[in-house]
Each structure stands twice: as C-alpha cells, then as structure tokens.
C-alpha cells in the first residue's frame, strides 16, 4: 500500500461532468464576486470548455502558477486582505476555476468536487432562503452525480443522477438527526472580520430627512410577530425602536442609554403577550410594542424604554415580550433628563418664532400641541415618499415652503417646534403597523413599515405619544403605507395591496418562509434546547445530545446495513415448504442434501426413521406432483404445507 | 515480519484454499475510507467550523447531509462487494514465461449490478469488471509464470471504491485453483531426432498413408491434388479430401539420449520443444523420462500427457 | 406387479444376463429414447448376449457386424451388383439393414468405415450410389469397443462419440451371478428359446410415449444447472454441449417411463448421467483420470437441485 499509486486518468465524460458541476457551482457567485473575478472565471471556463471540445492539451504548469499568483494578487488588491468572508470566497472561486485547468487524473477530479462542495456552503453566506436551499440541493445532486461518475466512467448520466439522488435521500435521515441533535455552538468562534455583516438593512440610530423614506422602499421583512390571542388594532401597533433626542439642525441622534433600574411598572392592565422573530440588522436594539415591561434574557430596557441586546443582532432571533399599550412612562422624569430633551440647535428661526408665538397665545402645553397638529391638518401638507430635498434650515423649509414630506419630516418638525415652545419632546423611530398573514397567523412587519413619531412630556402625565403623520395622513396608521401615499409613487412590489391573488400567494409563500426561518434558520442553541426538552429530553446538555445522536445514527446505519445485506429470496412457495420440511428433519439429523432428489430423500428418511415412512411418502408424492408434475394451484400447495406442518417428529433425547 | 503476517492471516481469516462457491459474507468484507475519503472528512470539518463561525444554519444542514452521504457511501461500497459468489473457473495450462490466466466465475444474485470491482492476484495485474444483475460473469486474472510445475495463484484481492471513491471495500479469497505450467520450449533447439538409430529412431508404420477420411469445404491454400473433383463434376461446391495417417512416423523422445552436459531444466526445455514439433508434424511419439514413460501415441491427449509428464518431472 | 411389457423384457433379460439389471435398463432406455448405445468393456463380458437378448425379447431382427481393419463401407451398407438376369444393377443390402445391430469392436474399423456407420446411425438412412434408402424402424445400434488394447486401432473421435446417446460398461458379474452363470445352461441356447414379449408396433408406441413424459421447468433448470456447471468448472476440459443436455433429458424421460412415471424427477437425471455424460466429459489436464461413474457422482454432488 505504501507504494505510490498512479491515479487513473480522467475519461472525457468525467471531465464534462466536472466542468458542468463547476459551472453550476460558480454561477451564483457571479452576483457577489468582484466583477473582474467573474469575468476571469468566465473566461477560464470558456477556455477549459474549448480545450475539452477540441481535446487540446492543458496549459503548462508555469502558466498555472502565474495565474494563481496573479489572481491572488488581484484578490489582495481588491480586499486589502486574505482573511475574511469575501476574500476567502474569492480565493475558493479562483482555485476552483484554475484547478479545472489542470484536470488530469481522478485525484484532480476529487479536488474539484470537494471545492464545489465547499463553494456550495459559501453561497449561504449571502442568503439562506428556501429558494437558495432548493438550488443548493439541485447542485448537490449534480455534484454527487459527478463524484459517482469519477467512480465509474462507463455508466450513463441518468444512472449517475439516480444513484446520487438515492444516496442523498438515504443521507437525509442522518442530516435530520444531526441537525436536531448536533450540539450547537453559538458562533462566532473568533473575532469576525469587519465585513462580516455588511449588507444588513434596518433602522439606524440617526435620522435625517430621507433616511426612513429610503428604507420604506424596501419590502424586506424586519420582524414577525406572533400574538397570544388577538392581534391588537393597528393604532396600537407602534413598535418602539431607537429614541432620538440630540439634534444638530439636520440629523437626529440617540443619546447615551441608561438601564432603567426601577422594577417594571406593571400597574396597568391589558398586557399584550407576543413573540417576535427579528431579522438580523447588526444593531443592539430589539423592537417591542409600546411599552415593554420585562426585557428578554440577554437584554435590558433603557430609561427611554428601548429594549437593547448586549450584542448586535447578527442572526435571526426570537424573543418573547409583554407590553402595556396604555402605560405612560416618565411620570418621575428628572429635571436633568428633561433638559436633555429641550436642546435646540441654533438654526430654523422661523419655526422657533412660530412656536414662541403659539406658546404665548395658548394657555397650556396641550393647547400648543393641538395647535401644531391642527396646523399640519389644515395647511396643505402632503405625505409623500419622494419629498423635495431640503437645505440648511431644513425644518423651516419644510414647514413653510415645501410642505411635502414623509414621517421623519413631520416628526422632526413637530419635535423641534415643541421644544421651541418649551415642551420636552423627542423622536421615537421604529415600525408602525404590520400585515397579518392569515395563513400562519403571524404579523409581518417590513422595512416599509418603518416609521418615526414623537413623544412629548407633560407635567403630571409623563411621556405621551403624538404621531404627527396621523394628522396629515390618517390612512398611514389605519391601513398602511400603500393607501397613504398618492397613487403612482414607487412602492415595494410586495407591499402593494391592489393585486389580491398576488397577496394570497405572497401570504402563503411568507408563511412557508416563516416556518423555514423559525425551524431551520432559527435553530439556535436556545431553540435546540427548547425543542429537545419539548421532545422529552430532560437535560439536553451536549453529552446527552451526543449520546442520543450517536444512538440514532447507529440505528440508521443498522437499517442501511440491513438494506445492503438484503437478499432477494423469492422462492416458489412449494420449494419454501419443501425447505421447511428439510429444516424440520434437520433436528433429527436428516436434513436434505442440496443435490438430493425428492424420492431419494423420502427413501432415506424412511430408512432412517421407519415411523415416518407414511407421512414422508405422502409429502414427497405431493411435492413431486407440484414441482415436477402438472399439478398446480393454491389448494394442493396448502395441503403440502399442512402435511409438513402436521408431521410429528420425535426428537430423541 | 512473521508476526505481522500471522496477524494478518488471523485478521483476514486466510486459511488456505476454500471450497467453491466462496460467498463473500459480511464478515469478510472490510471497509475503510480512502485517502480521498479522509480529505472529504477533513473538508467537512473545515466547513463545519465555517458554518459555526458564521452561524449558517443551512450550512449545518449541508454539512450534515454530506456527513450522511459519507456514511451512505460506506454502505454502498460495502454492498457492492458483499454477497458476491466466487467460484474458480477454467485454467489453461501454459508454457513457463507465458501469462497464466485464472478464470473466476462471479455470481451476482442481486437485481442490481455491481460495478468497478477490481481483482488482483499477488504478483499479477489488477483486472476491473462490472457484474450485471442476476448473472454470472467470468473474469480472467493474469499471472506471469516463471517455473514449470503447478502454479498456485494464492489469494485474490477484491477491491472496490464504487460509487463515490471515498470508501474502499476489500476482501481476500483463496479459490482452490492451480495451473499446470509446462517447461519453456527451448528457443533454438536442434531438429527433431527423426533419424536416430535403434528403437528410439523413427520408423515407418506399415499402414497406408493416404487413407481418405472425409471431405471439408475447400480453402484457397489447399493443394489442388486434394480437391474432390468428382464432387465438382456433380455441381457441388469445391470440397477438399482429407486424409489421416498421412505420415505415421514414430519418434521416441528419450531423456537419456540427450547430451550429458545439459542440466535438468535444459533437457526438459529441449524435450518440450521436440514434443511441440512432433505434435505439429502429426507424428506418433512417445516420451521416456527417468521414472516415467509415456507410450507411443498421437493426438491431443497424448500431447497433453507428455507435456504433463515434462511439467511435473521430479516434482 | 409387472404389468407392462417392458417389465417383462427386463425380467426375462435379467434371467439370462445375470446381475446386470442396471445395464439392461439403460440399454432399454437407449432404445426407447431412439438413441444408440456404446458398450466399453473387455471381451466376454456379455455384450453380445445383451444385444441378442434385447432383439429377441422385443421381436426385432438382429445383425452383427464384426469390425476389422480391412472392412470397407460397402461391407456395412451393401453393394449394387450387376444382375445378369434382370439386366440391371441390384442392391444387395448390407448387415446394417436390421433393427438391432451389434457392431463389435468398432475401434478396429477404419475411420472411413466408422464414419459410414455413424452417418447411417445419425440419419436413419443410407445413401448408396446416389440412392437414399431408409433403414428399418426401430433402428438400434449397439457398438462395443475394447478400451484396453489400442495398438492398431482407430479410437472413435470425440465428435463421433457424441452420436451415441450412452456409453456404459458391463463390468464383472458379482459372485452369486457368476456362480449361477457357471452352473447354468449355455446362454446362447437360452437366447434361442426366448419368445418376444412385445407385439410389433408396441415398441414404437413406447417410443412415442417417451416424448409425452412431462418435464417441468424446475427439472429443466436442474439440467441447465448441470450443464452450466460443467462449462464453468475447472474440473472439465470442455463442458456439456446443448446436444448433450438434450440427450440427458431424453434419456431421463425414457428412464422415467420404464419406471412407470409420467414425469421426470431429478433422480432420473442422476441415474442416467454417468451413461450419458461419461463419454462427453473429459477431466481437465492434470486432474486424475477417474471412471465416468466417479466423475458423474462428483458432478451430481456439486450441483444443488434448484
């Protein structure tokens, strides 16, 4: 065995399989890889295809070495590093493409196959939806078929594909067991490169004109909610996110957050219980219905009633919450904290003047608020996704000139005006509303449901929610974005409400997707413990899981072994009966020799055990008629079985 | 080395030639991952680390599916070999230096085929074959021969990596076979001693040499003297008359008549050459060796008997 | 119990050819299966008597051909001689024109004569001077050869051996039989006193009945397994041909018939196997030379009944 064995050369059909596999695996990468790499790989594949077509010779070694060096240098120049998700994937793509250029022996073929498997995994870095899984599955069948073709060049493509599908189907139970029971470790195992979570969208902790309306163009799902009991009415569905109180004249920012130390205020009745499945957004905050009382494990609730996780949310997470929609917070707010909600930037003089005027004219603070809302309602303000650009004094411009804006414009102007009128006010961002999916009874909240509203602090009452957008476009709150914006504005396709059959399909698809997210993608260590304890494992620690996993895999292997050893025994029932007779007589040492004919056997048995002469002769005669004569049918066969069963053999002591 | 060999004998149950048919039951089929299989496992490990690091739930699923695939491949490879039935087949005698072919009968009772199974005799070349469903396949295993006498092929190594090259299943069988190896005919031997004196010399038999024995279809190389012209006259196709006993010369091939300076093998080698020549010329011949004498005779059986005597001389 | 004329034949023949019931049965099987019989043994073992007895008991006419090296085909088939009275050639049939023919020491005849005889056996007709003459029916050849003295003989080539359905050996009689033989009357005189046990035409009825004996698929599979085994096994030089397998079935049918059965059992195959396969199988080179009986029992033991 020590002797180095020459790996057999590849047949042309095997090369074709490998090429097809590589193309299939590399194709989805075109979307994410740098453009130059995509182009280079495409050319390499075309070149390799031409070599195959013309049965030309492969490029020399020095050229390959050069190509590897050049490609690696290109990747380094693109990413400025080799470590990390994107450069790693790029290197894999490069190696796979170049390996095809030195595809000579079966060993090279195996290397290509393994690279393909690896690349298949990297596709999940970008997306893990059902459709991605389906595509990966198809690719897996093809790659495995190619691997099978390496094992045997002579069989047809259909046979390879069938074998591959069969083997993967047999592997599926193992996958299920391992998936459920393999002790999960919460990643990451080491510090991730900075680029790991690029490309996640969601609210940020800063708001400037246009930031939320941009987000509203996305139909992506922000989170899903499952309520215990009825879904509350829409006007209650304010999902609280970052609270912004610092204003520099253009952009609102959140201040430093402090944990709320006092125990949760649970005085009010009518608590709503629900569970949220939050899509990753790479930020600390979690969303909750106003106002949450107890933070989920690993999170806190701040003084501003934001729920904050200890680490950024980088994978889909599920948490349970309880909220009190009637609760009004901040009755005991300190003066210092209130002062931080009074700061005003120096600009926007017209608004300040107007607010000053209202304060003077109105008796109390509530009147000022009403005045402001009436102003929005009575003057010709428009709610639109495409507001005009604003300049230096953005709030002045909006309130007096353009009068067209999205929720962030209204909230921002309102809060500014309130502060100018001497009322503590702040901006709350988050989501409003959501869409009920009748298929699985989840409430789906999308990025397009992103919203900004205001809170004002009134002496003796606390922080009260005021939604200026509702004054301008009450539909936004009651019926969602689509009915609030004027017709003709660009909306995410999925948010449009005017195509009902499409909605139906969408609901179903999203229900499937949701369970996919819940059960497949959201199968985290916590979820695993939950599921296993629900399945009856008392203490699902890693030892118990491993033991159960090994046992189940052992069972599966046993089953497969039985399948592998299964012999096809479809004997004539007459012969089966005859064999039973032999087994019966074997107890007294008179088993039939396998070359012994029936008459001889009967004779031998009769000689050895004269008392068996009679039954043996009858059995042999019937057997001979059935097997060698013209007798046929069910009845005589049953008679034979009966005779054999009835034969009594005295076993000597 | 001795201990290793005996351990191997114990481990693989190698107890000498086995009675046919040899059924490869599950106890004698061994499976281990190939180097590619180990690389596959290592790649899966690497992929698992990646999946954990990036929390790729689908990545876990993929890796576990591929793990399952590895296990399934193990059983598929095992299944490809197990329950095959092997019986020894024909073995043609050969001259030393030629390639002996040991035929094996491979019975596949399964409804599916078995694929890419390679067979190898120690010292021989590996031969690979597919077994079709529910059928017997014959395969010839080549083994170079060096010495005359009985050649025992020893054990056959059966091996398969089908279907995924990740696992190697193998088994050893030792079918009860042997091949009679005749001495190598001398390359440039003196001519057949037809004119030797005494009883060992050639003698004309009293029989007629032109006994008509039958007709066969004419071939272009046949002498026109032997064409059955009568048949042609009856408008039958061209036929050639065949004769037996065309040359009933007797030759005694005698060990003791050979030059005394030849050693045993050289003598056997020369006698073999002469025997082949005598048989080719259709002579009647006998063979005399120390301790063995084959009486005068003719034909295939006589030829075989003489060759056998030469092959087994002194053994 | 004997009811069938065949049983009568066996009983009567057994009185004269002592202790050779098996050989008598096999000879009958051969006859019923329309095959020919080759007896290999030393002279004086009762070959001639057996042939003669069978002919008498079956009511068939009997000729004997003693083969010699100088015998010509015409000596067997017959010649056309110019007849001065009629003014034309008249065919004088040779000894082959009989229902039972004993060809003594067939290996003494030249290949030319052998092949003339064997052609006639195969075709059931002879062609002489352009004219085809049918041979009588039934036509049964019993040939004998002496396997031990081969000097100056022409052993039958293998292709010709195949023409014989069976080859049997007579073997020495056992002690009791031999004593009875020595004490009893002259066998030739006893043959002369025999009366036929069968009506003319009855024999051909039996021959027809052989074809009616049922052969099941399982039995065909058994015969096939035997043939397959001989073709694959390293113990044999060449395997049994399809013709040999057919012969085996034919003989087994006849054996079943004289055993009063209308179906063939594996045991029938096993009984006729040494006689049918013995001369068609050759042990491979290097294998020890064994009797056909030993070879057949090894073969039977190696093939399980499916």
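Selection over the stretch C:223-236 of residues that are within 24 Å of the chain's Cα centre (by Cα) and within 9 Å of another protein chain (Cβ to nearest Cβ) gives a count of 1. Scan the stretch C:122-140 and give yes if some residue there is assigned to a helix (DSSP H, G or I) and either surrounded by fewer than 19 Cβ atoms within 10 Å (Cβ to Cβ) or more than 13 Å from the chain's Cα centre (by Cα) (or both), otherwise no. The answer is yes; a qualifying residue exists.
Filter the stretch B:25-53 for residues that are within 30 Å of residue B:109 (Cα to Cα), within 11 Å of another protein chain (Cβ to nearest Cβ) and either buried (at least 16 other Cβ atoms within 10 Å of the Cβ) or modelled with pLDDT of 90 or more (or both) and give the result. Across the stretch B:25-53, the qualifying residues are B:29, B:31, B:32, B:34, B:37.
Go through the stretch A:439-470 and give me each residue that's farther than 12 Å from residue A:328 by Cβ and part of a strand (DSSP E or B). Answer for the stretch A:439-470, where residues must be farther than 12 Å from residue A:328 by Cβ and part of a strand (DSSP E or B): A:442, A:443, A:444, A:445, A:446, A:450, A:451, A:452, A:453, A:454, A:466.
Out of the residues in the stretch B:121-174 that are closer than 24 Å to residue B:39 by Cβ and assigned to a loop (DSSP other than H, G, I, E, B), state the one that is farthest from the other protein chains (Cβ to nearest Cβ). Explain how you work it out, then say what you get.
Here is the first cut: in the stretch B:121-174, the residues closer than 24 Å to residue B:39 by Cβ are B:126, B:128, B:157, B:159-170.
In the following step, the residues that additionally are assigned to a loop (DSSP other than H, G, I, E, B) were identified as B:126, B:161-166.
Numbers: B:126: 10, B:161: 6, B:162: 5, B:163: 5, B:164: 5, B:165: 5, B:166: 8 Å.
Selected residue: B:126.
Can you report the number of residues in the stretch A:597-631 which are outside any helix (DSSP H, G or I) and loosely packed, with under 12 Cβ neighbours inside 10 Å? Outline the logic, then answer.
The initial filter retains those residues of the stretch A:597-631 that are outside any helix (DSSP H, G or I), namely A:597, A:609, A:628-631.
Checking which are loosely packed, with under 12 Cβ neighbours inside 10 Å leaves us with A:630.
Qualifying residue count, the stretch A:597-631: 1.
Counting only helices (runs of 4 or more DSSP H) that sit wholly inside the stretch A:471-531, those with at least 1 residues that are at pLDDT 75 or above and within 14 Å of chain B (Cβ to nearest Cβ) are A:500-515.
Just to be sure, is residue B:164 outside the structural domain of residue B:272 (by TED's automatic domain parsing), at pLDDT 85 or above, touching a strand residue (DSSP E or B) at 6+ places or on another chain (Cβ under 8 Å) and buried (at least 18 other Cβ atoms within 10 Å of the Cβ)? Explain how you work it out, then say what you get.
Details: outside the structural domain of residue B:272 (by TED's automatic domain parsing): yes; at pLDDT 85 or above: yes; touching a strand residue (DSSP E or B) at 6+ places or on another chain (Cβ under 8 Å): no; buried (at least 18 other Cβ atoms within 10 Å of the Cβ): yes.
No, not satisfied.
Taken across the stretch B:2-16, residues that are touching a residue at least 60 places away in the same chain (Cβ under 8 Å), in a strand (DSSP E or B), in contact with a strand residue (DSSP E or B) (Cβ under 7 Å, 6 or more places away or on another chain) and more than 23 Å from residue B:166 (Cβ to Cβ) do not occur at all. Against the list (1) surrounded by 15 or more Cβ atoms within 10 Å (Cβ to Cβ); (2) touching a residue at least 60 places away in the same chain (Cβ under 8 Å), the condition residue A:580 fails is (1). Against the numbered list (1) at the interface with another protein chain (Cβ under 7 Å from one of its Cβ atoms); (2) buried (at least 16 other Cβ atoms within 10 Å of the Cβ); (3) over 22 Å from the mean Cα position of the chain (by Cα), residue B:111 comes up short only at (2). Which residue is nearest to residue A:120 (Cα to Cα), if the candidates are limited to the stretch B:54-108 and must be part of a loop (DSSP other than H, G, I, E, B) and within 7 Å of another protein chain (Cβ to nearest Cβ)? That would be B:56.
Can you run down the residue pairs with Cβ atoms below 8 Å, 6 or more apart or on separate chains, where the first is in the stretch A:105-124 and free of Cβ contacts under 8 Å to residues at least 12 places away in the same chain and the partner is outside any helix (DSSP H, G or I)? As it stands, the answer is A:121/B:56, since those pairs meet every condition given. So, of the residues in the stretch A:173-195 that are under 23 Å from residue A:547 (Cα atoms) and surrounded by fewer than 17 Cβ atoms within 10 Å (Cβ to Cβ), which turns out to be modelled with the lowest pLDDT? Among them, the one singled out is A:186.
Among helices (runs of 4 or more DSSP H) entirely within the stretch C:12-114, having at least 2 residues that are modelled with pLDDT of 85 or more singles out C:21-32, C:47-57.
The values are calculated or read from the model by the stated rules, or taken from the named source; none is laboratory data. From a predicted model like this one, the values you see are computed outputs, not experimental measurements. Virtual Cβ from ideal backbone geometry, glycine too; neighbours counted across all protein chains shown.
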